[in-house]
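Below is one structure, written out as structure tokens; comments come after it.
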Number of protein chains: 2
Amino acid sequence: MTKRDLTYITATEMAGRQREISVAEFFLKNRHLLGFDSRAKALLTTVKEAVDNALDACEEAGILPDIRVHVIEAAQNVYRVMVEDNGPGILENQIARIFGKLLYGSRFHKLAQSRGQQGMGISAAGMYAQLTTGKSLHVISRVKGERMASELYVSVDTTRNKPQIHGKKKIKWDRPHGTWIEAEMEGRYQKGTHSADMYLKQTAIANPHASFHFEGPHGEGITYQRSSKQLPPPPVEIKPHPRGVELGRLIQMLNSTRSRHLLQFLQNEFSRVGPKTAGKIIETAGRGLTERSLPKRIAHAQANALYRAIIKVPVSAPRTDCVVPIGEQRLLDGMKKEINADFYIVKTRPPAVYRGNPFQIEVGIAWGHAGGANLAVDKTGHINKVVQHKRDAAEALILHADEPAHLLRFANRVPLLYEQGGCAITHAVLQTNWRNYGLKQPKGALPLAPMVILVHLASVWVPFTSEAKEAIAQYPEIIKELKLGLQACARHLAEHLRRKTRLQNEYEKRTHIEKYLPHVGIALQDILRLSDAQRDQAVSKLDDALHKSRKIK
Amino acid sequence: MTKRDLTYITATEMAGRQREISVAEFFLKNRHLLGFDSRAKALLTTVKEAVDNALDACEEAGILPDIRVHVIEAAQNVYRVMVEDNGPGILENQIARIFGKLLYGSRFHKLAQSRGQQGMGISAAGMYAQLTTGKSLHVISRVKGERMASELYVSVDTTRNKPQIHGKKKIKWDRPHGTWIEAEMEGRYQKGTHSADMYLKQTAIANPHASFHFEGPHGEGITYQRSSKQLPPPPVEIKPHPRGVELGRLIQMLNSTRSRHLLQFLQNEFSRVGPKTAGKIIETAGRGLTERSLPKRIAHAQANALYRAIIKVPVSAPRTDCVVPIGEQRLLDGMKKEINADFYIVKTRPPAVYRGNPFQIEVGIAWGHAGGANLAVDKTGHINKVVQHKRDAAEALILHADEPAHLLRFANRVPLLYEQGGCAITHAVLQTNWRNYGLKQPKGALPLAPMVILVHLASVWVPFTSEAKEAIAQYPEIIKELKLGLQACARHLAEHLRRKTRLQNEYEKRTHIEKYLPHVGIALQDILRLSDAQRDQAVSKLDDALHKSRKIK
């Protein structure tokens, strides 16, 4: 045997090398896919996953969320991230699987609006912590009504994607209910657009019913108080709409249904299909199918005919009451609370549908000016300078006149901080012609303006471009709705700006005239031999006439 | 109980909703992550996954690949994709798992250069076929040396990620060995940059040792003959380099090793660690660790010290002979065969390392002119027009002067056809200042030139940005090597272009002089009273003098 022969392998040798890959191993090796590609991003992703879970849990249980995030520097490049909520707590026998197993969760198999949809985020954070520091996830949870809390140390057995428990006991905990988790990991704590602070600030805007308290590694603390005591309506689960089904999926549904006959099947498994529509579908399908056909006995050719009939027969659009927007008033309150600006406008679009999935778009714009004073007209018609009030010294969203607008993207109330370039929201903003609304906009870029553009997409299934859930896929229906929302806000902004420009012009003209009024007074005094008091009275009258005659709309 | 109480749920109810999500279900719902987001892309991805597997199998078995791809339109928007190879075949008991289970394969758990690395692609194609048409994957495979072939129909049980076999038998097959697969799916067959044709054309460039035959749905056939009979060296597996290890991974390795003591462990589990380096690491770690310490008994604090020592102690760079480039000559041959141009240059960079993983960059440039004739100097010093020879009427890579250069991206010899904008290769091309080399380049864009830029990255682990393997992540080490490769080629191109410009100028000058030579002849004839023959002789001598005196370099 030559050397060359030894290096090549046969089919049998190749078979011996085939192995199963656990999903945990897969995502450990490809952890950038879940948002753990750098130290800074890993820390942020951990905070994000924990807070998103906490918000979902509180809302599903009907509790106004109180969430505390604490980040401590444990060693150089090593951080402890702690997140606590006042949610309903987690049953002890579920804790290990929720935190120690990828692809385990309650939200993947249903169509309902929620932040989490994959059952991966928090276990992935635990896995990353374990990979970089060797430490398990530390969890304390107390279920509402129970006397004691459960404390567990959980890690992921990555070769089998199974949870490992390293310690479990009942402890006393001074909270009546809720969950506390701690992860120690390699990380980097930073400020700015991709920071935990920014994530919480934006989360507070989109979740005005929640309170957040953040404590950073340098002892700094920020509290975001709730501005509303009203919980958003709990998410409603819907059935798939016939428009979104595929043939193979239909065959699968026929095989696994509990419905005893076809008429029942169509009504039970799809939304918007009543007995009349179901009957029409069966009639259109033909091929010997009847209302009484047994779903499990339907042959491939029949299923194909049924599929074509489902596509052909008109069905009402999906119900959209399952999508819960933030709402114009609450979003406005949230923006006013957290963004320092002069002018705010918010629009919530009516619900729409992509690939059978209902969704809804909300757009808000906050316009500030680039420092200096602002102008306002008082009741007497006088224009006054209003000095801008400073609110937050550590304000992250400072508005500059000649810099690109800040774009805040949200999906199901979760801020999206990465992958701005690949997101449908960004594309819609770039495709909007802001010059039509009086703004500067370099070709193919964000408008240059002292402005925050906030966009929220709510849906029962947000089409993210990756598991890290950082950007929304560019479905044409979504882009269209986004643009309509942006245009509606931009029209109001343009009106505001036109008014502002008129005010500025008028202010300048008047300042000009006012400058000469005293000289006119002196001239009049000279010609008409007026006393000083008469002169001043004349000037004052002229001034009044000036402000009354030049009306401002 | 009020209506409101009914819609919220308790911790116990929530626990009842928790469910395991199979990885197959996950990727079925998120199939865009694996490249099945549109009909056109689904068809291409299927061809790609099948061909990549075929090439890997042939090369590992030391067989020169002969691959046939056949696409048939079965119904409107429904295609049958068939791919056949002359590889070593697959053992019957492996077929179901290879084609009917996600995350099953031979290449995930090792560090060795190969096209496949996840064990997902072809099963995902089968799953997509099944979803859209309800049809199973049809597989025939004959193992080298066996008398009969195996024929199976395989699908994925998505709720459990387990293969389902719908028919299995032994059949006669006229091929001595190899595998044939057929998938029937919703798809769209298209031409152009994102087509199966383009994928095969580019694959032929990067794999000059392989032959391909493609038959499209309209009966069109294209054959790409191999230009080399030499197989690339078989992939060599390497151990992880100490520089790339993380603490948690080290702890995991300590727990699962078969090495009996620490000195052995360090040498066996890492590349580039000999007894001397291993001893030094243990000494640096301290904390009571000795060469004889039992790996499984090492405490967390000790592991941490060991980890810090591993980072601190100098270790030779990773071995790089495990990375196999295409090679300058073979890549040049491949480009000449498939791209119609005037000038070609290829550079293979020396191997480099990112995060402990060796990789190597190759860059090629093909420069064509925008139609018309080309100029060349013959032995006598005359400049002649050379008419461009047409090669391929269906030429997909037509070169235009004022259009952006074509960029062909490859990773481990696989063409990357999507996500060009998000790829490290594209970023390196955009960051290169092509104006330095005499080309037009709009800001932040590809150079405008009749040019193909080909870039290949070979690595034991290609850092893709998504499971669909369409773009390479932007590691600084990779970007740096890419730019060096691009610059080296660009310098040669610039030299060629300068020479070309000189030739053009000279040609124009001579044409100008030559135009007047007959008139000079007539004037001379007139003044010196020459015969017609003498006049012609004088003109001819002047012409010779002209070409000899004006030397061209």
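Details
- Count of the range B:245-292 residues which are under 22 Å from residue A:135 (Cα atoms), assigned to a loop (DSSP other than H, G, I, E, B) and in contact with a Leu (Cβ under 9 Å, 6 or more places away or on another chain): 3
- If the condition is being surrounded by fewer than 19 Cβ atoms within 10 Å (Cβ to Cβ) and either modelled with pLDDT of 95 or more or among the aliphatic types (A, V, I, L, M) (or both), then the range A:461-478 contributes only A:473.
- Every condition in (1) more than 15 Å from residue A:297 (Cβ to Cβ); (2) touching a residue at least 24 places away in the same chain (Cβ under 8 Å) holds for residue A:255 except the one numbered (1).
- For the range A:229-271, the candidate set comprises residues that are more than 27 Å from residue A:352 (Cα to Cα), surrounded by fewer than 19 Cβ atoms within 10 Å (Cβ to Cβ) and in contact with an Asp or Glu (Cβ under 8 Å, 6 or more places away or on another chain); within that set, the residue that is nearest to the other protein chains (Cβ to nearest Cβ) is A:257.
- Considering residues of the range B:63-93 that are over 23 Å from residue B:225 (Cα atoms) and buried (at least 21 other Cβ atoms within 10 Å of the Cβ) only, the residue nearest to the other protein chains (Cβ to nearest Cβ): B:90
Here's the yes/no breakdown for (1) more than 8 Å from chain B (Cβ to nearest Cβ); (2) more than 27 Å from residue A:236 (Cα to Cα):
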| residue | (1), (2) |
| --- | --- |
| A:11 | no, yes |
| A:15 | no, yes |
| A:54 | yes, no |
| A:60 | no, no |
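- Residue in the range B:505-525 that is under 30 Å from residue B:452 (Cα atoms), assigned to a helix (DSSP H, G or I) and charged (D, E, K, R) present: yes
- If you go through the range B:147-167 and pick out every residue that is at the interface with chain A (Cβ under 9 Å from one of its Cβ atoms) and either surrounded by fewer than 22 Cβ atoms within 10 Å (Cβ to Cβ) or assigned to a helix (DSSP H, G or I) (or both), you end up with 1.
- Applying a threshold of 8 Å to beta carbon distances and a minimum spacing of six or more residues, or different chains, the list of pairs starting in the range A:120-135 at a residue that is more than 13 Å from residue A:48 (Cα to Cα) and within 7 Å of chain B (Cβ to nearest Cβ) and ending at one that is part of a helix (DSSP H, G or I) and among the β-branched types (Val, Ile, Thr) reads A:134/B:251.
- Hey, residue A:112 among the aliphatic types (A, V, I, L, M), within 11 Å of chain B (Cβ to nearest Cβ) and within 20 Å of the chain's Cα centre (by Cα) or not: yes
- The one condition from (1) touching a helix residue (DSSP H, G or I) at 6+ places or on another chain (Cβ under 6 Å); (2) within 7 Å of chain B (Cβ to nearest Cβ) that residue A:32 does not meet is (1).
- For residue B:296, the test of being closer than 30 Å to residue A:136 by Cα and among the charged types (D, E, K, R) is passed.
- The test for being free of Cβ contacts under 8 Å to residues at least 40 places away in the same chain and out of contact with any His (no Cβ under 8 Å at 6 or more places or on another chain) holds for residue A:75.
- Among the residues making up the range A:38-64, those that are under 19 Å from the mean Cα position of the chain (by Cα) and either more than 19 Å from residue A:198 (Cβ to Cβ) or not assigned by TED's automatic domain parsing to the domain that holds residue A:125 (or both) are A:53, A:56, A:57, A:58, A:59, A:60, A:64.
- Here residue B:142 fulfils each of the conditions (1) buried (at least 23 other Cβ atoms within 10 Å of the Cβ); (2) of a type in the set (Lys, Arg); (3) facing chain A (nearest Cβ under 9 Å) apart from (3).
- Unmet criterion (only one of (1) touching a helix residue (DSSP H, G or I) at 6+ places or on another chain (Cβ under 9 Å); (2) modelled with pLDDT of 95 or more; (3) not small (Gly, Ala, Ser)) for residue A:199: (2)
- If you filter the range B:316-347 down to residues that are among the β-branched types (Val, Ile, Thr) and buried (at least 21 other Cβ atoms within 10 Å of the Cβ), you find that the one that is nearest to the chain's Cα centre (by Cα) is B:326.
- Set side by side, the residues B:272, B:292 differ, and just one is outside the structural domain of residue B:426 (by TED's automatic domain parsing), of a type outside the set (Asp, Glu), farther than 27 Å from residue B:475 by Cβ and in contact with a helix residue (DSSP H, G or I) (Cβ under 8 Å, 6 or more places away or on another chain), which is B:292.
- Test result for residue B:469, assigned to a helix (DSSP H, G or I) and either not assigned by TED's automatic domain parsing to the domain that holds residue B:36 or not β-branched (Val, Ile, Thr) (or both): no
The values are calculated or read from the model by the stated rules, or taken from the named source; none is laboratory data. Note that the structure is a prediction, hence the values are computed from the model and not measured. For neighbour counting, all protein chains shown are included, and Cβ atoms are generated from backbone atoms with ideal geometry for every residue, glycine included.
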